[in-house]
Amino acid sequence: MIRDIHFNGSAGNTVRLEESEDLFIVRTREHIPALNLLSLWPELQNILPLITPFDAFPESSVWLYQIHHEQPAEVRRLIKDLVRAKSDPLIRFIGSVWVFAGSDMYQVYTGNLFIKFANDAGGQHMQDFLELHTLQKKMTLGFATNAFFVEAAEMVGRDIFTLSEALLQEELVTYCHPELVARRKSVFKNELPALPVSDEQNNNWIRQMVGLEEAWQYSTGTGVKICVIDDGLDFLHPAFATPEKIAAYRDMLDKQGMRKPLHQFEEKHGTACAGVACSADTRAPGVAPDAQIIPIRSMGLGSVLESEAIYWAVQQGADIFSCSWGPPDGDFTRKEKATFTYPLPDHTRLALEYATTKGRDGKGCAVFFAAGNGDEDIRHDGYASSPLVLSVGAVNNQGKKARYSDFGDALFCCFPSGDFELGPDGWKQTSGVLVPDRLGADGYDPGDLYTMFAGTSASCPGAAGVAALALSLKPEMRLKDLKELLKNACVPPGEHQHDTRSHHPSFGFGLLRADLAVRQITEQKKYNMNTTATGYSLHIGIDHVDPAYYQNDVPALSGCVNDMRSMQELAAGYGYQTTTLVNSEATREAILAYLKDMAFKTEPGDILLITYAGHGAPIPDTDENGSVKDETDGFDESWVTYSGFLLDDELYAAYAGFKEGVRILVVSDSCHSGTMLRAMISSSWMETMEAEKGVRLRYVPLESVRKILARQGGMRSVRSSEMKVAVPEDVKASLKLLAACQDNQYAQEKNGQGLFTVTLLDTLKQTAGNITTYSALMERVISNMPPYQEPRLTNEGMASPAFDAQLPFSIAGEQKEPVAPVAAKPVPVKRSEDVNLLVEDTDTYILGQQIQDETGRNKVLSVVDGEVNGHELSGKTAWDKAYLLALANADDPIGFVEPDMDSDIGSHPVEEVLERGGDSIAEKYDRLETYPPARDDKTVPFDWHLGNAYSQLKAAREEVFPELLTGDKRSKNKKYVKIAHIDTGFLDGHPAHPEYLDRLHSASFAGWGAGTGGQDTDMKIAPGEQQGHGNATLAILAGGKLRSEQTDGLFSGYFGAIPFADVISIKISESVVLLSGKRFAKAIDHAIDQGVDVITMSMSGWPTKKMARAINRAYENGIVVVCAGSNSWVKQAGFTSHLPDTLLYPARYERTIAAVGATYTHVPYVYALHNRQVRAEGGKYMQMSYGPESAMKTAIAGYTPNVPWFSHMNDRSFPHYYTLNGGGTSSATPQVAAAAALYIQKYRTELDQIAG
């Protein structure tokens, strides 16, 4: 029997329940175990051996039992019939137990309902409704408007599910579902004896790891109330026996509300958890030893009492909640992991919303949850993964993820706890946390302390204690500010300390350190004491440099002065005393003189803002005699000032003159604005980059630097024995650098604006004070930047958590919210290059009336098929031409104009850019050794990616096309799904072609054989051409029936995921390295004309307006578009050093599905998850691109790499039709597209009805 219920309303999450066959529940009177009663009945003597206790709620007199028999349901029926016939007064009820479908997680239904009416429902109206449906109010719930706990007037039994679903359909009802209860997860069942309390290593390692001793110098949690909801507390323990330690208490299972929440039966978990948070026992002090505690005893998971506990604690003034419980965990010692997501009941969610918005007088309570102990993704836990809570994972005493700790995107942070390791005799515990223990024999240890407490149950109250230390110092903090402070107090743990990711799936934002949390507040207070804090700012903008010094080796820029004016306006809005240096004013001497003056003028608490917009350049890091100095790679970074290079060593020497306590904020929109751009690119490469991307790079190549230095007398001109230099370690001030790009990227300007500067200003304007820290600001800026330029935030000099936590650009941390300026209007610059321009939304005659030829007469340019020949237009770059054309037609504006250029991005398997494997045929043929499955694993099926353990595409295609099982051909009277395959074409005569490849309507818009029906050719006719890429992806999509000899005896049968689909091949390039927006748009339009249902393309590149509009046309025609998300290399050099590691376009558009990868072992197609070392470049070291988070919402994974790749014609040079190492997101894309096509085929009738 199956029942459905809905959480979060009728349109919310549907959860299916199944009646368990082998479990039953008995509720007795007077707390007598049911089995004790049943054992007295002679009729059950033969059945009793088949029954074992499964779980129990003794305090509620509820007992669950399991039946061990071939027909458990029949045995259960006999028992239920007998019990009901007996009518024993000591047995109140016997019934079935439900489990969530697809799991073994049981649920006990109580017969009660949670119901919430619409906020505007009237009292009498609700009362009439309840009476109409014979419902009685048991409790009015204070945490939500018009929310009640009700029961049916008559015993409805399992009809409670039908009733709740019927009520949910009523217009007056917002939420309604049965009360379902299960046992909460608990700590490990651990029988290890406690270590000696005097063991210093065991007692102090956590304090050292999170900096507790330093934090306690400023805060011990005084004045903060921590609510610990658990299984009770030992009130007599010295940890909690101090006066006023317990602020309030409640046992939710006591209907009278009078009983202390003492441990019952074998309970002891709550005392240990509370001890970690706030024990006052000096032998085992908690993280916040002087904080008060509000202990609440509440047992059943999902019970309405857990939500009432949260509400009651808020009313008692709780500041922080610590909840070391949740759904049952998986077994961390086993490979099988959870796949079912345990739901968060509506009443608990609403109670959490109440606590986080109404608690602490509207400032919001912080609610911490233990992440879980199953070594599984936290997303399967509806409690710990809720955005309303802060979930805490565990790290061990080595700073590594604890073996059991759950992980995932929802993890907030980690905190130390005990751990386990696998030894010769199985798993054993290796470390633990010292905690107060329940007194007597019912504790973990016969004594009153226990040294081996473990699990995320210990980590959660530890993090809650750190929050208490912070709130004690700054109780006025709102919840969002507290969360930001705690986030900034996290650091990568142990061996991950150099990890630059802001969020790690195993650690969240990192190891939460108490000292860093407290230090942010104490330093902030120190700054705030200086009520006369002053802000000074210097704004440098250099578009043109001194030709006498640089001659023609430094190209002019057009957006730096614009950027400088925008940043000066921003600073003025915050109250800075601003100074500007423009072009010829911005000499190295003027900049250094200003810094020297500021070093004398500024006092602790003051802030100096420096913004620089201009070129950056690499300078050989040698002394006068050519010996290498301090830089490990032999190069310094420099600003290209008007009069000469200004080295970073000189800037650090200037910064070293500032006093401790002064804050220096540098915003540098230039190359070398990170640490150092190590790539030695050439001027010709720069010109190519600028032309193809429509941007200018703020970078002076090394070859130009060498020419300039040679003319000026060599290194002596920029580095002499008299020059003052320093390193970051010499700086006593707190220095923060907001840099335009990463080391391997380039700062760019476009349309007269620096890309980084304009994005920074736009972000400040859009967020309007909601961004409260520099790290949060930079995360938002990065999310708004293109993948090929990712800004960075670095800190140098004296560490200052308070500076980190301040409102960006504020002078003394005040919450001032000036209006961010609009970026300065760009000034166009005319240059020249030959290129065609794509034009839309204009007539086909007279363009360029303001563009003159050599005789001074206006030129007339015609639009032919949406293109203008740009040969006669001035402008150095293609984008200059486009800008000039648009400017010349300002009175008759055109929709848009952009260059017709190929995107120079390779995004797919290793053949697209580099050779696979090694040099031999065997190496090129076999699987990649860096990803599973193993080369020597002969048990792996040839078409493993289609199997039930993977994509299930084989089973799906057989369900949709049963003819595949019978060997029949397609029906002539059936409409079949049509797919457009956009790629490099197909190899004519290859055996893996789709059976239903429509050659007549296939097309080619590029290269050799254009217009010949989408065919590729088995010969290289263009530089960089990738042979067989389109053929291989086409085979994965819809490959036909193969004979055994065509796969060397490894396989026979249909290879494609959807072999009965109609397929048209559209060729748009000779190589996946080049993606043309124009050809892509033509391909999309052709696919629309052919009435396709799905488009698949294993190519990607930079976005263009032409591409975006083509995607919109496909979307508006109801076509599903699946595109490869792109690939990156973990070891980058040469070509791949310029590839981004985030999704490219068109996959990144919201109206497409981005195809990413999962490997044979069901983990993301990310190199680091499979390999420990990076040895070289190539397909073996490739991985999928992923992120940003917003783009991943429309991403789906297919299986890759090591998928059969039909890219060859079986000749002497390569005696196979295929290789076994197909990879990249190219292999994943046709799998995802096939899944979409199968769905459309199966539900064609329903979809047509929806579409009208």
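The values are calculated or read from the model by the stated rules, or taken from the named source; none is laboratory data. Just so we're clear, the structure is a prediction, and the values are computed from it rather than from any experiment. In this analysis, Cβ positions are derived from the backbone assuming ideal geometry, glycine residues included, and neighbour counts consider all displayed protein chains.
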Handout entry: Selection within the range 378-421 - closer than 15 Å to residue 344 by Cα and not in a strand (DSSP E or B)
Key = 378, 379, 380, 382, 383, 384, 385, 386, 387, 388, 389, 410
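For every residue, the table says whether it meets (1) among the hydrophobic types (A, V, I, L, M, F, W, C); (2) assigned to a loop (DSSP other than H, G, I, E, B); (3) at pLDDT below 85; (4) in the same structural domain as residue 666 (by TED's automatic domain parsing).
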| site | (1), (2), (3), (4) |
| --- | --- |
| 729 | no, no, yes, yes |
| 732 | no, yes, no, yes |
| 760 | yes, no, no, yes |
| 769 | no, yes, yes, yes |
Exercise for the section: Inspect the range 1151-1165 for any residue being of a type in the set (Ser, Thr, Tyr), surrounded by fewer than 23 Cβ atoms within 10 Å (Cβ to Cβ), farther than 24 Å from residue 1034 by Cα and at pLDDT 85 or above and give the result as yes or no. Expected result: yes
Completion exercise
Checked pairs for the range 1190-1204, first in the same structural domain as residue 1228 (by TED's automatic domain parsing), second part of a strand (DSSP E or B) and polar (S, T, N, Q), C-beta under 8 Å and 6 or more apart or across chains, list as 1201/1221; 1202/1221; 1204/1219
Fill in the blank from the handout: In the range 364-384, anything out of contact with any strand residue (DSSP E or B) (no Cβ under 7 Å at 6 or more places or on another chain) and modelled with pLDDT of 95 or more is listed as 364
Problem - Residue ID - farthest from residue 384 (Cα to Cα), chosen from residues in the range 444-478 that are more than 32 Å from the chain's Cα centre (by Cα) and part of a strand (DSSP E or B) - result: 449
Completion exercise
Among the residues of the range 76-118, the number that are outside any strand (DSSP E or B), under 40 Å from the mean Cα position of the chain (by Cα) and either touching a residue at least 40 places away in the same chain (Cβ under 8 Å) or outside the structural domain of residue 40 (by TED's automatic domain parsing) (or both) is 5
Handout entry: Members of the range 643-674 that are over 13 Å from residue 617 (Cβ atoms) and among the aromatic types (Phe, Trp, Tyr)
Key = 652, 655, 658
Fill in the blank from the handout: When the range 771-798 is checked residue by residue, the ones that are touching a residue at least 60 places away in the same chain (Cβ under 8 Å) and assigned to a helix (DSSP H, G or I) are 775, 776, 779, 782, 783
Handout entry: Test result for residue 86, over 23 Å from residue 105 (Cβ atoms), touching a Phe, Trp or Tyr at 6+ places or on another chain (Cβ under 9 Å) and of a type in the set (Lys, Arg)
Key = yes
Fill in the blank from the handout: How many residues of the range 315-334 are over 17 Å from residue 269 (Cα atoms), modelled with pLDDT of 95 or more and either buried (at least 22 other Cβ atoms within 10 Å of the Cβ) or under 27 Å from the mean Cα position of the chain (by Cα) (or both)? The answer is 3
Fill in the blank from the handout: Only one of (1) touching a residue at least 12 places away in the same chain (Cβ under 8 Å); (2) part of a strand (DSSP E or B) does not apply to residue 14, and that is (1)
Handout entry: Condition broken by residue 155, with the remaining ones in (1) modelled with pLDDT of 90 or more; (2) assigned to a loop (DSSP other than H, G, I, E, B); (3) hydrophobic (A, V, I, L, M, F, W, C) satisfied
Key = (1)
Practice task
Answer yes or no as to whether residue 312 is aromatic (Phe, Trp, Tyr), part of a loop (DSSP other than H, G, I, E, B), in contact (Cβ under 8 Å) with a residue 12 or more places away in the chain and assigned by TED's automatic domain parsing to the domain that holds residue 222.
Solution key: no
Problem - Search result, residues across the range 921-971 that are assigned to a helix (DSSP H, G or I), touching a Lys or Arg at 6+ places or on another chain (Cβ under 7 Å) and farther than 30 Å from residue 1243 by Cβ - result: 924
Practice task
Considering only the range 1096-1122, state which residues are touching a residue at least 60 places away in the same chain (Cβ under 8 Å), in a helix (DSSP H, G or I) and among the hydroxyl-bearing types (Ser, Thr, Tyr).
Solution key: none
Handout entry: Top-ranked residue of the range 543-566 - restricted to ones that are aliphatic (A, V, I, L, M) and part of a loop (DSSP other than H, G, I, E, B), ranked as farthest from residue 704 (Cα to Cα)
Key = 557
Completion exercise
Within the range 219-249, residues aliphatic (A, V, I, L, M) and either at pLDDT below 95 or assigned to a loop (DSSP other than H, G, I, E, B) (or both) come out as 224, 233, 236, 239, 241, 247, 248
Practice task
Go through (1) small (Gly, Ala, Ser); (2) loosely packed, with under 15 Cβ neighbours inside 10 Å; (3) at pLDDT 50 or above; (4) in a loop (DSSP other than H, G, I, E, B) and name the single condition residue 918 misses.
Solution key: (3)
Exercise for the section: Among the numbered conditions (1) part of a loop (DSSP other than H, G, I, E, B); (2) over 11 Å from residue 230 (Cα atoms), tell me where residue 275 comes up short. Expected result: (1)
Practice task
For the range 545-565, state whether one or more residues are in contact with a Cys (Cβ under 8 Å, 6 or more places away or on another chain), more than 21 Å from residue 805 (Cβ to Cβ), outside the structural domain of residue 209 (by TED's automatic domain parsing) and modelled with pLDDT of 85 or more.
Solution key: no
Exercise for the section: Identify, by number, the condition in (1) at negative phi; (2) surrounded by fewer than 17 Cβ atoms within 10 Å (Cβ to Cβ); (3) in contact (Cβ under 8 Å) with a residue 24 or more places away in the chain that residue 71 doesn't meet. Expected result: (3)
Exercise for the section: Search the range 1197-1252 for residues being among the small types (Gly, Ala, Ser) and farther than 27 Å from residue 937 by Cα, and hand back the single one that is modelled with the lowest pLDDT. Expected result: 1252
Practice task
Assess whether residue 439 counts as being more than 25 Å from residue 341 (Cα to Cα) and either under 17 Å from the mean Cα position of the chain (by Cα) or assigned to a loop (DSSP other than H, G, I, E, B) (or both).
Solution key: yes
